[in-house]
Structure formats: structure tokens, C-alpha cells
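Asker: The following block contains the structure, expressed as C-alpha cells.
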Amino acid sequence: MTPLVAAAAARATGAAAKLLDRMGSIDLSETEVAEIQHVLVDCGAVAEIETSIDHLVDDAMAALATVPLAERARAELEALGVYVAWRDR
């Protein structure tokens, strides 16, 4: 189970929880997939995980700032960290 799905499962109730239970089923319809996506957003799981990622990236960047590195290496590692965390932005 991914952190996103775990966060959603902890928050979802009723029909939303039942829908999440169907995740991974080979017979999911396109409508069910879209409904699951809405549950992940609507229950706040996506926001929770994105906030967690923000904090982890901030912590990583702060730690990186304390390591003695060539400036180009630091810049490349920072860019890589942002890319890995937010490749869809």
C-alpha cells in the first residue's frame, strides 16, 4: 500500500471506503478509476501527502546546504531533488 492510499484509507468512510477497497481489482471500470481519483483528492489524502513531500524536500534542501560541495554539484542535486519530488509540476 502506498502512503497516498494509506492516507485515503484512514480518512475515507462509507461508499468512499468501499470504493478504495476495490483498488487493484482487474475489473475496475473507467468510471470507478475516476471515482477513486476523486476520493483520493476529496478526502484530503493528496493534500496530506503533498504537504509531507514539501516538508521532506525542505528538510533535504536544508541538509544539502550544510554539506561542503562545489556549487555546481549542489545546484544539480537541488534540481534533482525538486525533479524527483515534483516531476509533474
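Asker: Go through the stretch 1-58 and tell me which helices (runs of 4 or more DSSP H), entirely inside it, have 1 or more residues that are more than 30 Å from Y83 (Cβ to Cβ) and not assigned by TED's automatic domain parsing to the domain that holds L80. Walk me through how you get there before you give the answer.
Answerer: Working: elements: 3-11, 14-21, 30-42.
Because the criterion is at least 1 residues that are more than 30 Å from Y83 (Cβ to Cβ) and not assigned by TED's automatic domain parsing to the domain that holds L80, the helices (runs of 4 or more DSSP H) in the stretch 1-58 that meet it are 14-21, 30-42.
Asker: State which residue pairs qualify: first residue within 20 Å of I53 (Cβ to Cβ) and inside the stretch 65-83, second residue outside any helix (DSSP H, G or I) in any location, beta carbons under 8 Å apart, and separation of 6 or more residues or different chains.
Answerer: L77/L69
Asker: Now for a different question. In the stretch 74-87, is there at least one residue being under 14 Å from the mean Cα position of the chain (by Cα) and part of a loop (DSSP other than H, G, I, E, B)?
Answerer: In the first step, residues of the stretch 74-87 are kept if they are under 14 Å from the mean Cα position of the chain (by Cα); the result is 82-87.
Of the ones still in play, those that are also part of a loop (DSSP other than H, G, I, E, B) are 86-87.
Yes, the stretch 74-87 contains at least one residue that is under 14 Å from the mean Cα position of the chain (by Cα) and part of a loop (DSSP other than H, G, I, E, B).
The values are calculated or read from the model by the stated rules, or taken from the named source; none is laboratory data. Model, not experiment: these values are computed from the prediction. With ideal geometry, Cβ positions are generated from the backbone for all residues, glycine too; neighbour counts draw on all protein chains shown.
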